[in-house]
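Before any comments, here is the structure.
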Amino acid sequence: MSYSVKSMGKRIVLGAAAALCAVGTLAASQEGERTVKVPSLEVKERLQSIEQINVTAEKPVQEQAPISNAVAEALREAELLDTQTRAAETRGTSTERAVKN
Amino acid sequence: MGLLWGLPALVFGSEMAGAYSFASSADYLAPAQQFDSWRDTLKAHAEEREQLLSCTERGAGCRGRLVSFNRVLARARGLSTEEQIDLVNLYINRTRYDDDRPKRLYDEAGNKLGIQRNRWATLHEFLTRRGDCEDYATAKYFMFRELGYDPDDMRVLITRERNVRGHHAVLAMRLPDGAVWLLDSDNRIRKGSHRSYRFIYAMNERSVWDHRDDYDPFAGGRADSN
């Protein structure tokens, strides 16, 4: 008896024993794909310990000049856009308050 | 007197002497997906990303610094690597600091449920509200990802520093020549020596590394809380 199997896009013909082997391998590989990795107890403990670390340090900002005119220009443009957005948002909030009152 | 000079080394440990290295796999701890709070932030960022990048002009939903963010991103694409790093570092550091100290969590009946410590902000949250220490480093990480930087060359690195109270976060970047730069929220970029830092742990979207060399699982973990 022989079986026809499609592998890597090519059709190959196998004997019965080889076909059984191939089916077993396929089942094993599908089983492998379903495997979920679970952290070991020690890794879990270390992750929990890390998660407990509270990252709160605030460092005073140092004045630092941009390294090029292109960087300075991009930062100036960003600052201008942020100022305009803040002003628009403040106007919006005031208008909302006025409408409510 | 000699004992006094030796004290900082005892307190800060051996890593202080060297520069941060991406090379060692010895400190690898776990896939990022197993770090619950960070995984949640990565997932939320992926969901918000499209909206974040659509804010090229002021309008509905484009609040805070979303518009300037997209403009800076567009400008950065035409710059050299060093200029990109400088621009992102200075731009993100201009966000106002907001403290997210630990909050006690209670249920409706007033029973204490626990303490919520770090919450990693998404880039969208950081730009529309504010951020605290670690959020500056993660915001830079997400911004460099938009500029096409490889996650394997970046880590959000939690540190301790002399003369700084509490834990601090910086973004560690590996450059094409192998040099590692630390981008700090005080605007400085540490290029050569990282002597003042003690490395605690690091993460990117793929992995978590535990750099603590004195971890004792039988002591119930070192909380390191301040």
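Here, each number is a calculation from the coordinates, and none is a lab measurement. In this text, all values refer to a predicted model and were calculated from it rather than measured experimentally. Neighbour counts are summed over all protein chains in view; Cβ atoms, including those assigned to glycine, are modelled from backbone coordinates with ideal geometry.
Label-to-label distance for B:Arg206 and A:Ala72 is 3.9 nm, based on points extended 7 Å past Cα in the beta-carbon direction. Note on B:Tyr149, B:Tyr28: ascending count of other Cβ atoms within 10 Å places them as B:Tyr28, B:Tyr149, the fewest first. Taking other C-beta atoms within 10 Å as the exposure proxy, B:Tyr20, B:Tyr201, B:Tyr97 rank B:Tyr97, B:Tyr20, B:Tyr201 from fewest upward.
Among rounded, prolate and oblate, which fits segment B:156-212 when a ≥ b ≥ c are the square roots of the eigenvalues of its C-alpha gyration tensor, a/c under 1.5 means rounded, and a/b larger than b/c means prolate? Walk me through the numbers on the way to the answer.
Working: a/c = 1.75, a/b = 1.11, b/c = 1.58.
Oblate.
Shielding of peptide B:86-92 by partners, expressed as the average count of other chain Cβ atoms within 10 Å per residue Cβ, is 6. Using the Cβ-Cβ distance between A:Gln52 and B:Leu53 with R0 set to 30 Å, the FRET efficiency works out to roughly 0.30. In this structure, the amide hydrogen of B:Ile200, modeled 1.01 Å from its nitrogen in the peptide plane, lies closer than 5 angstrom to those of B:Ile158, B:Thr159, B:Arg160, counting only residues at least 5 positions away or on a different chain. If R0 is 35 Å, the Cβ-Cβ spacing of B:Val164 and B:Ala109 corresponds to a FRET efficiency of close to 0.30.
By the count of other C-beta atoms within 10 Å, a proxy for reagent exposure, B:Arg162, B:Arg190, B:Arg39 are ordered fewest to most as B:Arg162, B:Arg39, B:Arg190. Multiplying the residue separation of B:Ala60 and B:Arg195 by 0.36 nm and subtracting their alpha-carbon distance yields 44.0 nm.
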